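To keep things clear, I will list the structure first and then write my remarks on it.
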Amino acid sequence: MTLTRPVKIAILLFLIPTLIFSLAIPILINPLTRYVLESKLDTVNLYLANRAQSLNDMILDQVAQINYECQASDMSLIRDSKYYNRFIRMIAVVNKDGRSCSTVGFPLQLSDELKAYDLSSGFYMSTTPALFNTEKELLIYYQKEGNRIFWILDSSWQEEILKGDCINCFLLNFHYLSPSLNGLRMSRGNKEIAYQDHITTISYTIKEFDIQETLSAGKEFNQYLYYQLIYWGYPIALAIGILLSIFYLKFRNYKNSIQGLILKGIKDKQFIPYYQAILDSREERVVGYEILVRWCKGKEMVPPNEFVGPAETSGLIIQITNQIIRKVIDDLEQFDVQQWVSINIVPAHIESGGLAETLEELNWPTTKQIHFEITERTPFINIENAGRALSHLMAKGYKFKIDDFGTGYGGYSYIQNLGISCIKIDKMFIDTIGTDDLKIKVLNSIILSAQEANIEIIAEGVERGDQVDYLATRAVYLIQGFIYSKPSPIEHILEN
């Protein structure tokens, strides 16, 4: 079975997101790892800030009240529930006589390291000994005249932050930079990561606490992240591929259906000319009309923006224009011979020779009354060929204008190379009159340049009297717009 081109494109669109994602996985690993590390380190820093704020007042309050006697008052103080919080694991007192008590009810046995200290009064920091291959825990203590009170800080929070959904994936190191701590270091997590290759590490120094934090992710996290990307990424990529394919097929079907309807409309002669008057504002006299194509599909009038674009893209606009030319020629018999009509034409219609063929077939009708407006939505492919085609038609007496001047392709190059003698200024520029829009300068420049080149000017989309007055002060008198006339079928034009 041979696949059609649209099906092949749909399959390709379906596969592209998956292919791109597959290629992107190795690239995504490192930035995503850094993002996770930064997020975890932010959580650590937030915890440390909250802990410092909570412990500061509590510790100072207890230091101010402790008697270092391990009697009822001291026990009541250290076991007071108002001092209980998630940051403290244990509080203990050891006086200068060796008497000890704690919140767990047992005396505190000091390590040889702590017994050896002979320090002056004040606050100090150390760790519990790492006995039997256990983790050290951070402790704060206050010493006064040989008496000490200890606060052993809870460290379970570190494991909770590090584990999450990925076990043994991180290593967190704390390096206390204060000289009084003799380079104290603590670590949590998978210590084997320190000896692995290709690890990702970020560091952060908290100047307020003199702590340097280093968080690392090893191969375990890379594997975890890789499988997570596959688990979540491929379904998303496949879903995007499905949506792209569906969108493409629907868009193509819609486009094809529009083209099919346009073809039927051409066959049934559903495209008709509407006339919009162009007046000389000095006398408010009709000098001509622009022909605007309308699609009368049964009892429905299809808006131009729904069919003009597809008709131009597909080339069907040429067939529509040929029908309009024939209809307008019939209508001209009912107009004043001094009035002309202006028909929109795409560059391809001229370059292909199709316009000349149609006019020749009609025996070069009413050359003085038929003008053509070259639309700028698509360019001429070969400007030299276009110039020859236009010269041939101009020699027959037909006049050509540039429609919507300044909004599309060509512009001044058409005037210079094609011998165009009239331009129509687009409504976009007319709307700037009476405003502070910078495009008003473009409007003035277009008018001045055209007048210096002896180019006739028609202003499109004029809706207000002040616009007419402004244009008149600049010697622009040919006006087209709702201020004078809306596009109407021939019957309404003749009635009025």
Between D436 and I242, how many nm apart are label points set 7 Å from Cα along the C-beta direction?
-> 5.3 nm
On a 0 to 90 degree scale, rounded to 10, what angle separates helix 304-314 from the longest Cα axis of the chain?
-> 90 degrees
Fewest first, what order do L263, L184, L37 take by the number of other Cβ atoms within 10 Å?
-> L263, L184, L37
Length added when fully stretched, E456-Q228, from 0.36 nm per residue minus Cα-Cα | 75.3 nm
Pull out the extension gain between I27 and K219, defined as 0.36 nm times the separation in residues minus the alpha carbon to alpha carbon distance; nm, one decimal.
-> 67.6 nm
Sorted by chain and then number, the residues having a modelled amide H within less than 5 Å of the amide H of L184, at least 5 places away or on another chain, are Y176
Charge dipole (the stretch 168-263, unit charges on Cβ, about Cα centre) - positive-most of L171, S245, N256 | N256
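At 0.36 nm per residue, and after removing the present C-alpha to C-alpha distance, how many nm does the segment from H492 to N133 gain when stretched out fully? Present the calculation step by step, with values, prior to reporting the outcome.
Working: separation 359, 0.36 × 359 = 129.24 nm, distance 10.03 nm.
Taking 0.36 nm per residue and subtracting the Cα distance, the gain is 119.2 nm.
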For E290, E69, what ranking results if the residue with the fewest other Cβ atoms within 10 Å of its Cβ goes first?
-> E69, E290
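Could you tell me which of rounded, prolate or oblate describes the stretch 266-327, using a ≥ b ≥ c as the square roots of the eigenvalues of the alpha-carbon gyration tensor, with rounded for a/c under 1.5 and, failing that, prolate when a/b is larger than b/c and oblate otherwise? Intermediate results must be reported in sequence, preceding the final value.
Details: a/c = 2.26, a/b = 2.10, b/c = 1.08.
Verdict is prolate for the stretch 266-327.
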For the chain, size of Cβ-based charge dipole, Lys and Arg +1, Asp and Glu -1, in debye = 1200 debye
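Can you give the helix-only mean residue ellipticity at 222 nm for the chain, where every DSSP H stretch with n ≥ 4 adds -39500 (n - 2.57) and the sum goes over all residues, rounded to the nearest 500 deg cm²/dmol?
On the way: 15 runs with 224 residues, N = 496.
The helix-only estimate for the chain comes to -15000 deg cm²/dmol at 222 nm.
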Would you kindly derive the ³J(HN,Hα) couplings of the stretch 237-242 from the backbone phi angles with the Karplus curve 6.51 cos²θ - 1.76 cosθ + 1.60 (θ = phi - 60°), listing them in order in whole Hz, with x for Gly and Pro?
-> 4, 5, 5, 4, x, 4
Ranking D403, D61 by Cβ neighbours within 10 Å, fewest first, what do you get?
-> D61, D403
Where GluC sites (Glu not before Pro) fall in DSSP loop in the stretch 299-402, at most 14 other Cβ within 10 Å | E333
Which residues qualify? For V287, with a placed amide H closer than 5 Å and at least 5 residues away or on another chain, they are I278, L279, D280
State the cysteines of the chain left without a partner when partners are defined as other cysteines whose beta carbon lies under 4.7 Å away.
-> C296, C422
List the lysines whose alpha-carbon lies under 25 Å from that of K207, not counting same-chain residues fewer than 8 positions away?
-> K40, K136
Using θ = phi - 60° and the Karplus relation 6.51 cos²θ - 1.76 cosθ + 1.60, list the HN-Hα couplings for the stretch 27-40 in order, rounded to whole Hz, with x at every Gly or Pro.
-> 6, 6, 3, 5, x, 5, 4, 4, 4, 5, 4, 5, 5, 5
Set of aspartates and glutamates near K396 by C-alpha distance (under 16 Å), chain-local residues within fewer than 8 positions excluded = E357, E360, E361
Within the chain, percent of DSSP bridges classed antiparallel, to nearest 5 = 70 percent
Based on the Kirkwood radius over alpha-carbon pairs, what is the Stokes-Einstein translational diffusion coefficient of the stretch 269-495 at 37 °C with 0.692 mPa s viscosity, in µm²/s?
-> 181 µm²/s
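As an exercise, identify the GluC sites (Glu not before Pro) in the stretch 119-226 lying in DSSP coil whose Cβ has no more than 12 other Cβ atoms within 10 Å. Could you put the intermediate results ahead of the total?
Details: sites: E135, E137, E145, E159, E160, E192, E208, E213, E220; in loops: E135, E137, E145, E208.
Answer in residue order: E145, E208.
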Cα gyration tensor, the chain - rounded (a/c under 1.5), prolate or oblate | prolate
So which lysines pass the test for K401, namely a Cα distance under 24 Å, with those fewer than 8 places away in the same chain ruled out?
-> K327, K368, K424, K427, K439, K441, K486
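Every number in this text was worked out from the coordinates using simple rules, so none of it is lab data. Remember, predicted model here, so these are calculated numbers, not experimental data. Every residue, glycine among them, receives a Cβ derived from its backbone with ideal geometry; neighbour counts consider all protein chains shown.
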